[in-house]
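What follows is a set of notes on a single structure, which appears directly below.
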Amino acid sequence: MAQVIDHFEIKTNKVLGKGGYGSVFEATDTKTQKLVAAKRILLETEPGSERSRIILEADLHQNLAPSPNIVRYLHHSLNDTFLWIFLEFCDQGDLTNYAGREDGLSLSDKLEVMLNISSGIDHMHQSKISHKDIKPSNILFTSRERNIAKLCDFGISNLIEKCEGSTKGFTTKAGTEAFMAPEQFAHRDCRDER
């Protein structure tokens, strides 16, 4: 079964993943015939402020300068029911799948992946964006680039400059508990003043 949004043919029977706000499907860019990922986020049940927060995900990703360590944004489409975000297709899955491959990862591979993740986070911070949900399922890989980790899912990201001068966004618990910074549990200001 396929659905067409703009110039993307979405294979709604090929689910790549599911999260708190939506699902990700395999799709084809009909202009290039390349595989892409199509993230569908349900809007209709969300109150107005939450709807704006969800749409911010596409805006932040669209305005972020390209980086080899960020899943590439391609396009987004909005209607009354769904926000669709079209992204680079990462065929090697997330960090858990990648690290659990039969051949495993050597120490140098692990270090390379960690440097990639750090580079992606740094790129976001240089662009004044805080990811707020770094975890294995939000780190993806492609077969085109060995050991190149790519950050994805900006669902709870925000602009850092919106938080400067106040603690909003830094003291609020956000993210997946198993991967959150310890200071978020202590209800302390989470800003790093370095």
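The values are calculated or read from the model by the stated rules, or taken from the named source; none is laboratory data. What you are looking at is a predicted structure, and each value in this text was computed from that prediction instead of being measured. Quick reminder, even Gly has a Cβ in these numbers, built from the backbone with ideal geometry, and neighbours come from all protein chains shown. Only protein heavy atoms, including side chains, enter the accessible area calculation; ligands, DNA and RNA are left aside. Shrake-Rupley method; radii C 1.70, N 1.55, O 1.52, S 1.80 Å.
Note on exposure: 114, 1, 124 ranked by accessible area (1.4 Å probe, complete protein assembly) read 1, 114, 124, with the most exposed listed first.
Applying a threshold of 19 Å to the alpha-carbon distances of 39/128; 11/39; 110/132; 14/132 flags 39/128; 110/132; 14/132 as lying beyond it.
Applying the Karplus relation 6.51 cos²θ - 1.76 cosθ + 1.60 with θ = phi - 60° to region 97-108 yields 3J(HN,Hα) values of 5, 5, 6, x, 4, 4, 7, x, 10, 6, 4, 5 Hz, where x marks Gly and Pro. Spin-label pair residue 122-residue 1: with each label point 7 Å from Cα along the Cα-Cβ axis, the two points sit 4.6 nm from one another. Of the trypsin sites (Lys or Arg not before Pro) found in region 1-97, those that fall in a DSSP loop while having at most 16 other beta-carbon atoms within 10 Å are 31. 3J(HN,Hα) along region 112-121: 4, 4, 4, 5, 4, 4, 4, 5, x, 5 Hz, from the Karplus curve 6.51 cos²θ - 1.76 cosθ + 1.60 with θ = phi - 60°, whole Hz, x for Gly and Pro. Around the amide H of residue 82, modelled in the peptide plane, lie the amide H atoms of 43, all under 5 Å away and 5 or more residues distant in sequence or on another chain.
3J(HN,Hα) along region 77-94: 9, 10, 9, 5, 9, 10, 9, 10, 10, 9, 9, 3, 7, 10, 7, 9, x, 8 Hz, from the Karplus curve 6.51 cos²θ - 1.76 cosθ + 1.60 with θ = phi - 60°, whole Hz, x for Gly and Pro. For region 44-117, applying the loop criterion from DSSP together with a ceiling of 14 other beta carbons within 10 Å to the GluC sites (Glu not before Pro) yields 44, 102. Between residue 142 and 92, 148, the built amide H atoms are under 5 Å apart, and every one of these is 5 or more places off in sequence or on another chain. Once you order the gyration tensor axes a ≥ b ≥ c over the Cα atoms, which shape class does region 1-92 get: rounded for a/c under 1.5, otherwise prolate or oblate by comparing a/b with b/c? It comes out oblate by the Cα gyration axes. Going by Cα centres, region 1-27 and region 56-135 are how many Å apart? For region 1-27 versus region 56-135, the Cα centre distance is 18 Å. A Förster radius of 35 Å, combined with the Cβ-Cβ distance separating residue 114 from residue 81, puts the computed FRET efficiency at roughly 0.35.
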